[in-house]
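In what follows, a structure is listed as structure tokens, so that the remarks can point back to it.
The values are calculated or read from the model by the stated rules, or taken from the named source; none is laboratory data. Fair warning: this is a prediction, and the values are worked out from it, not measured in the lab. Reconstructed Cβ throughout: ideal geometry from the backbone, glycine too, with neighbour counts over all protein chains shown. The area values use the complete protein model at the heavy-atom level, side chains included, leaving out ligands, DNA and RNA. Shrake-Rupley method; radii C 1.70, N 1.55, O 1.52, S 1.80 Å.
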Amino acid sequence: MSKTSLHVLEMLSSGDLISGEIIGKVLGVSRMAISKGIKGLNQQGLNIASVPGKGYQLESPVQLLDKQVICSALSKTGSESCQIEILQQVESTSDYLLDQSKVKDINRHVCLAETQSSGRGRRQKGWHASPYRSVVLSMGWRFDDGMSGLAGLGIAAGITIARTLHVAGFDKCIGLKWPNDIVWNDNKLGGLLIDVRGEHDGPCLAVLGLGLNIALSEKDQHAIDQPCVSLQQITADPIDRNALNAELVLALHVLFEDYASSGFESFQQEWINYDRLHEREVRVIRGDSSFSGVAKGIDELGALLLDEG
């Protein structure tokens, strides 16, 4: 994104109608530069209307990510050791961190993005994130005891995220669909994915990626190939995107810090509170094969238990 596009977006983010003349004077740019900036924002799906003789207006307000606000919130909780990086645009925050890990230490590094073009889900599926209206977050963490000690970490992260949303005041119907979908009344609200690289019994690196819908336009909903929902659709209260990102980073920071010593046992017991597949008929796809049964919770490693009848 060009600097002009970003500055124009900052001016229009409140949703107010602002004339091109005022934008030009404030930014010190030509009307042609403003027009190009608006075009670039529309190409990202922000839908900025041009009202003849009056100016420009964003279809609906957006809250831009603010590193200073997020870092300040984290410092008040003792989590300032996390390094926050905010990108305007990236193909995948997790892929970005994994690439960065080849040249530097990304332990406790958090990457947030305003827009993500090639987010990843399970089984090589893509993840669609509405620009400037989503949580798009990846966190890197070094574990010293190897991949063998991380069984169930993805399930524990899902429980941590759902619990954090409940504490933040969102509907208690938000739960989990094994293994990594965050759902509300069977509609997908978000998802997470963990990449682990390193030794089986030695130091390894985990990168957790999280996508969460804060708001969805009608166009965005049609672009997603399954029933979906956003946080804004299930609450009448305004959502502070910076505060929510800070709360999620803090919760994951605490999880990762404690997981090596506390393990998965407590999360196995907690799973029932969030399990939205319990006692339901499900079909599990593994590679080219699939099998069906009634979901009966999870085992001590986080694997799904099925009664195949």
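Please determine, by comparing only the residues of region 64-91 that are in a loop (DSSP other than H, G, I, E, B) and at pLDDT 95 or above, which one is surrounded by the most Cβ atoms within 10 Å (Cβ to Cβ).
Checking each candidate, the answer is L65.
Would you pick out the residues in region 144-171 that are closer than 21 Å to S81 by Cβ and open to solvent by 10 Å² or more (accessible area, probe 1.4 Å)?
Listed by number, the residues that qualify are D144, D145, L150, T164.
Within region 274-302, track down each residue that is open to solvent by 60 Å² or more (accessible area, probe 1.4 Å) and in contact (Cβ under 8 Å) with a residue 24 or more places away in the chain.
Hits for region 274-302 are R276, E300, L301.
Output the residue which, of all residues in region 39-63 that are out of contact with any helix residue (DSSP H, G or I) (no Cβ under 7 Å at 6 or more places or on another chain) and assigned to a helix (DSSP H, G or I), is surrounded by the most Cβ atoms within 10 Å (Cβ to Cβ).
N42
Given the conditions (1) β-branched (V, I, T); (2) touching a helix residue (DSSP H, G or I) at 6+ places or on another chain (Cβ under 7 Å); (3) open to solvent by 60 Å² or more (accessible area, probe 1.4 Å), and given that I22 satisfies all but one, which numbered condition is not satisfied?
(2)
Can you tell me which residues in region 201-229 are more than 12 Å from the chain's Cα centre (by Cα), under 13 Å from N187 (Cβ atoms) and in contact (Cβ under 8 Å) with a residue 60 or more places away in the chain?
L216, I224
Is it the case that region 26-38 has a residue that's farther than 17 Å from K3 by Cβ, in a helix (DSSP H, G or I) and among the hydroxyl-bearing types (S, T, Y)?
No, there is no match, as no residue in region 26-38 is farther than 17 Å from K3 by Cβ, in a helix (DSSP H, G or I) and among the hydroxyl-bearing types (S, T, Y).
Report yes if A223 is among the aliphatic types (A, V, I, L, M), open to solvent by 50 Å² or more (accessible area, probe 1.4 Å) and under 20 Å from Q116 (Cβ atoms), otherwise no.
The answer is yes for A223.
Got at least one residue in region 239-247 being assigned to a helix (DSSP H, G or I), among the β-branched types (V, I, T) and at pLDDT 95 or above?
No, there is no match, as no residue in region 239-247 is assigned to a helix (DSSP H, G or I), among the β-branched types (V, I, T) and at pLDDT 95 or above.
Being small (G, A, S), more than 27 Å from the chain's Cα centre (by Cα) and outside any loop (DSSP other than H, G, I, E, B) is the requirement here; does S5 meet it? Spell out how you get there, then give the answer.
On the way: small (G, A, S): yes; more than 27 Å from the chain's Cα centre (by Cα): no; outside any loop (DSSP other than H, G, I, E, B): yes.
No, not satisfied.
Looking at the structure I just gave you, is L189 out of contact with any Gly (no Cβ under 9 Å at 6 or more places or on another chain), in contact (Cβ under 8 Å) with a residue 12 or more places away in the chain and either surrounded by fewer than 17 Cβ atoms within 10 Å (Cβ to Cβ) or in a strand (DSSP E or B) (or both)?
Here the answer is yes, as L189 does meet what is asked.
Among the residues of region 175-186, what is the count of those that are surrounded by 16 or more Cβ atoms within 10 Å (Cβ to Cβ) and without any contact (Cβ under 8 Å) to a residue 60 or more places away in the chain? Full working, then the answer.
In the first step, residues of region 175-186 are kept if they are surrounded by 16 or more Cβ atoms within 10 Å (Cβ to Cβ); the result is 175-184.
Those still in the list that are without any contact (Cβ under 8 Å) to a residue 60 or more places away in the chain too: 180-182, 184.
Summing the residues that are surrounded by 16 or more Cβ atoms within 10 Å (Cβ to Cβ) and without any contact (Cβ under 8 Å) to a residue 60 or more places away in the chain in region 175-186 gives 4.
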